[in-house]
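Worksheet for the structure shown next.
Nothing in this text is a laboratory measurement; each read-out follows from the coordinates by a stated rule. Quick caveat, the model's predicted, so the values are computed rather than measured. All Cβ positions, even for glycine, are placed from backbone atoms using ideal geometry, and neighbour counts span all protein chains on display.
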Amino acid sequence: MVGLHGSSIDTVDPEVSLCFYPSAGSNESTPATPDLYQDETQAAAKLATRNKHSVSWERPEGVGAGLLNTGNTCYLNAALQCLTHTPPLADYMLSQEHSRSCCHQEDCTMCAMESHVTQSLLHSGDVMQPPKKLTATFHKDKQEDAHEFLMFTLNAMHESCLRGSKHSEGPSEDGSLIHEIFGGSCRSQIKCLSCQGTSDSVNPFLDISLDINTAQSVNQALEDFVKPEELCGENAYHCDHCQEKMPASKTLTIETASKVVLLVLNRFSDFMGGKVNRHVSYPESLDLRPYMSQPEGGPLVYALYAVMVHAGMTCHCGHYFCYVRAGSGKWYKMDDSKVERWDVTSVLSEPAYVLFYVRETELNKDSVKGPVGTVSKAQVGQWQNRKLNRGSWEGAAEPEEHMENTASKEMSLQEWKVLQEQNRLKPVLNLRSVEPTLPANAVSAICIVNKACLIGFNWAGDFCSQ
């Protein structure tokens, strides 16, 4: 099999489809849309075999499933793929820590994302339909911004974390999962050039926006980001000590570095919709130490794991896709339903819009660590074998109906939250259909995990409260 850019792929993981091909004699290249709820016996057999060898789980090495474009949803697909392949977020979602304690599952963005991420990573090679709980419907000739949707989704997930759980009052504003993974802080220091007095403030962030009008590289843009800015004339600083406006200098530095750093390259004009199309180089490995408030100390190294790209001349038109690094370390191009192997050299040559970096220490974790501890492989297998209600997770089996709904409605991204509150179907978790396919030892193992980690479960009936 010949890969892109002349590279040759000698071996292929049988559980990972690199791209989709038509059947023999077909003149079309439409991606297959298999029923993801079939083949439970085969999946359960694989699960039982794996559970015999290890009780600790490692994130899947394969890439996630492709996503159908149901009508101008490329921006949404690109954002979801980048989130799905965010290592610490994927670890947490696969651990099921949130859904096990959430008491708002019917209208919870975190629960919807947990279902989506889990199904995507456990069905590598398939094509999924984006879940309606996370989808905004809008007019077909209207373009939305992928970064705007990304931040909207992160904020919605953050709010879900703050709503509390069955077993606690919920995390604090700074202690939610989203802030733990993506949250950092910047220090702003203003120094009066007359009295030399300083004023400091620290503000949280989920992403860092970089001006690329003059920068040739991300490192140069970061240097410009922390470069002192002169405040004079109309922008002069009102000094409390001098009791008047005085010339001053303002310096921004990164006070607290997050586990995952999102760097947004400001390619779009706020007013005219123009775009900076030139290439800005970015490294596969990034050291943030020089841009910290305390630059002394060892390197603070981050690894690139996803790149979001916008192809088009303005923000009003074009196409979004992304590149992601799978757990195996291999790079893939995720272009809606099309999933292809890609080499890192070609990835680094793309005109990036949003760069996703994860701290290297997060990549060295062998098991899933959540608020309750380490999740076992049996728990992930149990989730894999749940037969979810099709109203709570949309696979690729019903694209036509969804596309009709998309074409008949018009809704802006700002109305997305209203859409979330509608058509919320409670997930139906039915493990009884899976039980007969599991060997006796696998059933026993899962029962043990259920008793230790989940609420009481009766294999002859449904969930029961303790």
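Structure notes:
- The gain in end-to-end length when the Thr314 to Thr256 segment is fully stretched comes to 17.5 nm, 0.36 nm per residue minus the alpha carbon separation.
- Counting other Cβ atoms within 10 Å as a rough exposure proxy, the listed residues Glu234, Glu362 run Glu234, Glu362 from fewest neighbours to most.
- Förster-model FRET efficiency, 25 Å R0, Val226 and Leu193, C-beta, rounded to 0.05: 0.85
- Each residue, Glu360 and Asn155, gets one label point 7 Å from its Cα in the Cβ direction; the gap between the two is 3.5 nm.
- Taking other residues whose beta carbon is less than 15 angstrom from the beta carbon of Thr253, and scoring Lys, Arg as +1 and Asp, Glu as -1, yields -2.
- Per-residue Cβ neighbour rank within 10 angstrom, fewest leading, Glu61, Glu97, Glu180, Glu144: Glu61, Glu180, Glu144, Glu97
- Pairs beyond 26 Å (Cα-Cα), from Lys275/Lys330; Lys132/Lys333; Lys227/Lys333; Lys227/Lys330: Lys275/Lys330; Lys227/Lys333; Lys227/Lys330
- Taking other C-beta atoms within 10 Å as the exposure proxy, Asp240, Asp91 rank Asp240, Asp91 from fewest upward.
- Oblate is the label for the range 234-288, because a/c, from the alpha-carbon gyration tensor with a ≥ b ≥ c as root eigenvalues, is 1.5 or above and a/b does not exceed b/c.
- Length gained on full extension, Ser349 to Gln294: 16.6 nm, using 0.36 nm per residue less the C-alpha separation.
- Which of Tyr320, Ser293, Val276, positive extreme of dipole for the range 257-336 (C-beta unit charges): Tyr320
- Taking a ≥ b ≥ c as the square roots of the eigenvalues of the alpha carbon gyration tensor, the range 203-295 is oblate, as a/c is not under 1.5 and a/b does not beat b/c.
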